[in-house]
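First up is the structure itself, then whatever we jot down about it.
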Amino acid sequence: MFNKLFQNTCKPRGLGGKMILKMMNSGHARLSDWGLKHLQLKNTDHVLDIGCGGGANISRLLESCPDGFVAGIDYSEESVKCSRKKNMDHIGKNCEIRTGNVSHIPYRDERFDIATAFETVYFWPDLYENFKEVRRILKPEGYFMICCEEGDPVNDKWSEKIEGMTVYSIIQLADILKSAGFAVVQKDEKQNGKWICLVGMKK
């Protein structure tokens, strides 16, 4: 039963998906707070959260960028519904949440100052091509932050349970960021490499 529930981590759907999204919003709070400390957010920044899940990180970003614009995309319709509900007071004002995926981000070139990816790169189909797509929508010298709770590929506790999940080390992610046209400006690990955070700047 629990294994079936955790399959919803990749693409939440149905009742199980709603449960997972609630768990994500609360369970990833400490990780998200830690990750956001690696960004110097300005109140006017335009930010895109890729794989926005239950929308908790969009709420955090809106608090930091009250005079800016925060968008979220997710390829799970359940996630989009949940994120919109959580941030309903901002939708149509300084927030927009769309169905979309990282292979074809539904925004024009150089639209955002910052892009974030919390607990989602495990499921991206082609990191090199996907990172290049993120680079496309960033302004010159824009920032891309990746934050993951799992950063040890040898530890298969979750990747064995969740179909389609691949855990990457901080070194692997940094190398792919560089090859996709980013300069790695921050690289941090916590809990002996369990939590990892990288910030790349568009070159």
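The values are calculated or read from the model by the stated rules, or taken from the named source; none is laboratory data. Since the model is a prediction, treat every value here as computed from it, not as a measurement. With ideal geometry, Cβ positions are generated from the backbone for all residues, glycine too; neighbour counts draw on all protein chains shown. The accessibility values were calculated without ligands, DNA or RNA, using every heavy atom of the protein model including side chains. Shrake-Rupley method; radii C 1.70, N 1.55, O 1.52, S 1.80 Å.
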Considering all projection directions equally, how large on average is the shadow of the alpha-carbon convex hull of the chain, in square nanometres? 10.1
Distance in nm between label sites at ASN94 and SER159, each 7 Å beyond Cα in the beta-carbon direction? 4.0
Interchain or sequence-distant (5+) residues whose placed amide H lies within less than 5 Å of the amide H of ALA71 are VAL47, LEU48, ASP49, GLU96
Per-residue ellipticity at 222 nm attributable to helices in the chain (runs of n ≥ 4 DSSP H, -39500 (n - 2.57) apiece, nearest 500 deg cm²/dmol) works out to -9500 deg cm²/dmol
Of all the accessible heavy-atom surface of the chain, with the other protein chains kept in place and a 1.4 Å probe, what percent is carbon and sulfur? 49
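So if R0 is 30 Å, what FRET efficiency would ASN43 and LYS85 give, r being the distance between their Cβ atoms, rounded to the nearest 0.05?
Given R0 = 30 Å and the Cβ-Cβ separation, E is 0.75.
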Area accessible to solvent at LYS85, 1.4 Å probe radius, in Å²: 150
Sequence-separation-based contact order of the stretch 93-139, relative, with Cα cut under 8 Å and 6+ spacing, percent: 54
For the chain, what's the relative contact order in percent, using C-alpha pairs closer than 8 Å and at least 6 residues apart? 19
Determine how large the accessible area of GLU110 is when every protein chain is in place; take a 1.4 Å probe and give Å² rounded to the nearest 10. 90
Not counting ligands, DNA or RNA, and with a 1.4 Å probe, what is TRP124's accessible surface area in Å² rounded to the nearest 10? 20
Local electrostatic count at VAL185 - Lys and Arg +1, Asp and Glu -1, tallied over other residues with Cβ under 12 Å: +2
Which whole-number value in Å² is the accessible area per residue of the stretch 80-173, probe 1.4 Å? 51
Measure off 7 Å from each Cα along the Cα-to-Cβ vector at GLN172 and ALA29, then give the distance between these two points in nanometres to one decimal. 3.1
Beta bridges per DSSP with both ends in the chain, % antiparallel, nearest 5: 45
Between the stretch 21-48 and the stretch 60-85, how many Å separate their Cα centres? 11
